[in-house]
Structure formats: structure tokens, C-alpha cells
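What follows is a structure written as C-alpha cells; I'll ask about it next.
The values are calculated or read from the model by the stated rules, or taken from the named source; none is laboratory data. Given the structure is predicted, the values throughout are model-derived calculations rather than measurements. Here the Cβ positions follow ideal geometry from the backbone for every residue, glycine too, while neighbour counts run over all protein chains shown. Ligands, DNA and RNA are stripped out before the accessible areas are found, and what is left, the full protein with its side chains, is counted by its heavy atoms. Shrake-Rupley method; radii C 1.70, N 1.55, O 1.52, S 1.80 Å.
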Amino acid sequence: MKVIVIGAGVGGTSAALALQKLGHEVVVYDRMRENRPVGAALSLWSNGVKVLNWLGLGAQVAALGGRMDDMAYYDGHTGDEMCRFSLAPVTAQTGQRPYPVARADLQQLMMDAVGAENIRLGRQLTGVSEADGVVTATFADGSVDTADLLIGADGARSIVRDYVTEPAGIRPERRYSGYVNYNGLVAADPRIGPLEQWTTYVGDGKRCAVMPVAGDRFYFFVDVPGPSGVTEDRMAALEHAFGSWGAPGVRALLDGIDPDESLNRVEIWDIDPFDTWVRGRVAVLGDAAHNTAPDIGQGACSALEDSFALGIVFATSTLGVEDSLKRYERIRTERAGDLVMRARKRAHETHAFDVDATQAWYDGLRREDGTGVIRGIVGNIEGSPVELGASVLG
């Protein structure tokens, strides 16, 4: 087949690679003009890493990943340790070490694997149509392309999703999650936290966290509850939110941020789960299908699961494109929707939208030996089609 993929992010490139593995001709289109992804880094938990291993990128991804051996929570006001434990049980229980990775590095790796000759940048999709078994994509510059199949991995504001859901009378709307995330990369600094640890400072429904990534860097992500649509100086906003905290690690992080080099402000939104992902020979994937808050770190992993499922159904089903896409839809909608709702529930608990629930979480962290947190992390990984498809792969 010839396949058009809209979107060159993690979801789009992984879908392209999965279909290339099967011998299909794939062309990827993206409106960006260069590799400048939104967000500094991402968490690749074991389910996501396994998909990348299956795509043949295991060694390269491991080289990009930070070594994250331990996890710890600290009181943001005092700096006192609330709990600290090893993440080794995650690896032991799932069969794969997780890796935090810089988003631009991972996206470049995957674009290179797809092949520059198969990627068209600077191309904004404006319309999709299908007739007589041929899908047509129309772009803002007036150009068109046709294929046997089109995958919409075009993000939270997906044009392809609108095309897919229109006949069903569904119009998924984005929902503000109630907080703003600031993120970026800083030089790894033991004053912030141990160099091989996921370190999180919490208090007042806010958090400052760092994860190690390759290149002696920390990926930092900072959550501040508040309204959407606010224009503000980013560093001033961080100082206002955290300047009064007494934890030395938080002060070291704020001092290490270069706002001109790496400081993103991202309002966090999600979309209520929906189960219409396919229309004829067109399907959605990644954020276009299940835009989720980052509170359980499964956004990119869920997109990778989509690509795995897509590859498996086209490798094993023989009743045609439409049938295979419906099988992909049945495999993915419930699992992906469940992760969206888990992340939403987690955001509610950790950002003091229910003050008593957040205080109970803080109190629980002071008694935590790692068992409960590990159970939650592994619980998000279990049920992945990567695990269920292990027997298919042999």
C-alpha cells in the first residue's frame, strides 16, 4: 500500500516505521518547518520503550535515555525527604528499563529512521476526502496527495479527527486540566537532586520535578495550578509560585533555568475519551485520538502503543484496509481512554483541586516505601498491547 501519515511527532513517525516494516510506501507530512517539538522531554515507560525496541531503535533510544535508578519526593517548603526508593522493581516486573528522553533528540532519531526522503515538512493539511478506495489529502499550498490509507497523527487540534468523527455526530472538545506546566532542560546538578534519580518537590498543589536525560542534563517539569489564557513572564511566574519555598533544591533549579535557552509554558488540556477513531480508510492516532494530561507519563507511550497495534493488525489481518483499521480501533479505544481518565484523576489528586485529597496524598508519601507508587506505575503499563502481543511476536 501507499500510506499518508499526517504528523511527524512520536506517534506519526512510529506509525510510519511500523508500516514501513511491513513493506508499505509511507509519506509523512507535517506543518512544522524544522524539528522543533513542543515540550523539552518525555517519559518513556517500559511499554513505550518496548515498541521502540520492536521498531529496531532499542540501542539508540537507550543511548538517549537518562539513567533513572531511584525516585524520591521532598517537601517543597522545607526540603525534607518524604520518601525515596528504587525503581528497579519497575524494570523487573515489566522486563524493560524506562528512560526519560529529550523530545527533540527522540523525534530526530525517529525522523532519521523514517528517512528524510519520506518526510515533507512545511505542509499544512486543510482537508481529507475518500472516494473509490482512494484517500486524498489537500494542503494549504494547493498540493494534493493520494494513498490507500491515511493516518492522522496531527495532534490535539486534529483536522483528521474532525473528518473521522463528523459522520458520527461527535465533536471532541479539549478540556482545560486546571494547571500550567513549565518545562525545559538544565545542566544536571546534584544540588537539585541526585544525578540518577527522579526528584520531585511538592507543596500547595504544586510540584517541581527533574528527571535525568542524556548529555548530563535534567529535564525539569513544574506544575502551577491556575487559569488558562494568562499572559505572563515565565521566570516571574515561577518565582511567584516557588520563590518562597525553602527547599534548597528548588532554589537551585530556578537559578539553573535559562529562560532564553529552555523554558516552555504549556497549558494542560485533555479530551474526553471517544471511540470513533476510524472512517473508511482514515484513522487517528496519538494525541488526535486520546489527548491526555501528562500526570501519569503515558502520553507518548500511548501513541507508541497505537503504532504497535496498527502494525500488528496490518501484519496479521487479510480482509482489507477498512477491516484492519476497525480492528485497530477495537484494540485501542478502551485502553487509551482509560489512561486519559487515570491521568485526569491523578491531576485532580496532586494539584489540590480537592485540598483534602492532596493533603492525604502528601501524608501518604511520608509513609511510602515505594510499594504503592511502583504498583501505580506498573498498573499503567499492564494491559498494553505490547504485552498482549508478545505471543504474536514470538
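Just name the residue that is farthest from Ala116 (Cα to Cα) out of those in the stretch 8-30 that are part of a loop (DSSP other than H, G, I, E, B) and open to solvent by 10 Å² or more (accessible area, probe 1.4 Å).
Among those that are part of a loop (DSSP other than H, G, I, E, B) and open to solvent by 10 Å² or more (accessible area, probe 1.4 Å), it is Leu22.
For the stretch 283-303, does any single residue satisfy the condition of being touching a strand residue (DSSP E or B) at 6+ places or on another chain (Cβ under 9 Å) and farther than 29 Å from Asn183 by Cβ?
Yes - at least one qualifying residue is present in the stretch 283-303.
May I pose another question? Kindly evaluate Ala188 against the criterion of being under 23 Å from Asp260 (Cα atoms), touching a Leu at 6+ places or on another chain (Cβ under 6 Å) and at pLDDT 95 or above.
yes
What strands (runs of 3 or more DSSP E) completely inside the stretch 144-198 contain at least 2 residues that are of a type in the set (D, E, K, R) and either open to solvent by 40 Å² or more (accessible area, probe 1.4 Å) or within 24 Å of Pro294 (Cα to Cα) (or both)?
174-187
Pairs, please: C-beta under 6 Å, at least 6 apart or cross-chain, first residue farther than 21 Å from Leu57 by Cβ and in the stretch 280-309, second open to solvent by 20 Å² or more (accessible area, probe 1.4 Å) and of a type in the set (Ser, Thr, Tyr)?
none
Next question. Taking the residues in the stretch 281-295 that are open to solvent by 30 Å² or more (accessible area, probe 1.4 Å) and of a type outside the set (Asp, Glu) as candidates, determine which candidate is nearest to the chain's Cα centre (by Cα).
Among those residues, the one meeting the criterion is Pro294.
Considering only the stretch 316-373, state which residues are touching a residue at least 40 places away in the same chain (Cβ under 8 Å) and of a type in the set (Gly, Ala, Ser).
Listed by number, the residues that qualify are Ala336, Gly337, Ala343, Ala347, Ala352, Gly370.
Name the residue, out of Ala188, Ala153, that is without any contact (Cβ under 8 Å) to a residue 60 or more places away in the chain and closer than 30 Å to Met68 by Cβ.
Only one candidate qualifies: Ala188.
Could you list, in sequence order, all residues of the stretch 247-278 that are of a type in the set (S, T, N, Q) and either closer than 16 Å to Glu173 by Cβ or in a loop (DSSP other than H, G, I, E, B) (or both)?
Ser262, Thr276
Still on this structure, please answer the following. When you scan the stretch 226-243, how many residues do you find that are under 24 Å from Thr78 (Cβ atoms), without any contact (Cβ under 8 Å) to a residue 12 or more places away in the chain and part of a loop (DSSP other than H, G, I, E, B)?
Residues that pass the stated criteria total 1.
Would you mind stating whether Arg103 is open to solvent by 60 Å² or more (accessible area, probe 1.4 Å), at pLDDT 95 or above and closer than 16 Å to Gly7 by Cβ?
no
Let me ask something additional. Being outside any helix (DSSP H, G or I), open to solvent by 10 Å² or more (accessible area, probe 1.4 Å) and not aliphatic (A, V, I, L, M) is the filter here; which residues of the stretch 305-353 pass it?
Ser317, Thr318, Gly320, Phe353
Okay, moving on. If you scan the stretch 285-302, which residues turn out to be in a helix (DSSP H, G or I) and under 19 Å from Ala347 (Cβ atoms)? Reasoning before the result, please.
Within the stretch 285-302, the first condition is being in a helix (DSSP H, G or I), and the residues that meet it are 287-290, 294-296, 299-302.
Across the stretch 285-302, the qualifying residues are Asp287, His290, Pro294, Asp295, Ile296, Gly299, Ala300, Cys301, Ser302.
Let me ask something else about it. Considering the stretch 217-261 alone, what residues qualify as being open to solvent by less than 20 Å² (accessible area, probe 1.4 Å) and within 19 Å of the chain's Cα centre (by Cα)?
Pass one, the stretch 217-261, residues open to solvent by less than 20 Å² (accessible area, probe 1.4 Å): 218, 220-223, 237-238, 241-242, 245, 247, 249-250, 252-254, 257.
The answer is Phe218, Phe220, Phe221, Val222, Asp223.
Let me ask something additional. If you take the residues in the stretch 363-387 that are surrounded by fewer than 16 Cβ atoms within 10 Å (Cβ to Cβ) and not charged (D, E, K, R), which one is farthest from Leu285 (Cα to Cα)?
Selected residue: Gly364.
Tell me, yes or no, whether the stretch 31-38 has at least one residue that is open to solvent by less than 40 Å² (accessible area, probe 1.4 Å), assigned to a helix (DSSP H, G or I) and farther than 19 Å from Val128 by Cβ.
Within the stretch 31-38, not a single residue is open to solvent by less than 40 Å² (accessible area, probe 1.4 Å), assigned to a helix (DSSP H, G or I) and farther than 19 Å from Val128 by Cβ.
Working only within the stretch 199-216, note down all residues that are in contact with a helix residue (DSSP H, G or I) (Cβ under 7 Å, 6 or more places away or on another chain), open to solvent by 20 Å² or more (accessible area, probe 1.4 Å) and not in a strand (DSSP E or B).
If the condition is that a residue be in contact with a helix residue (DSSP H, G or I) (Cβ under 7 Å, 6 or more places away or on another chain), open to solvent by 20 Å² or more (accessible area, probe 1.4 Å) and not in a strand (DSSP E or B), then Ala214 is the only one that fits.
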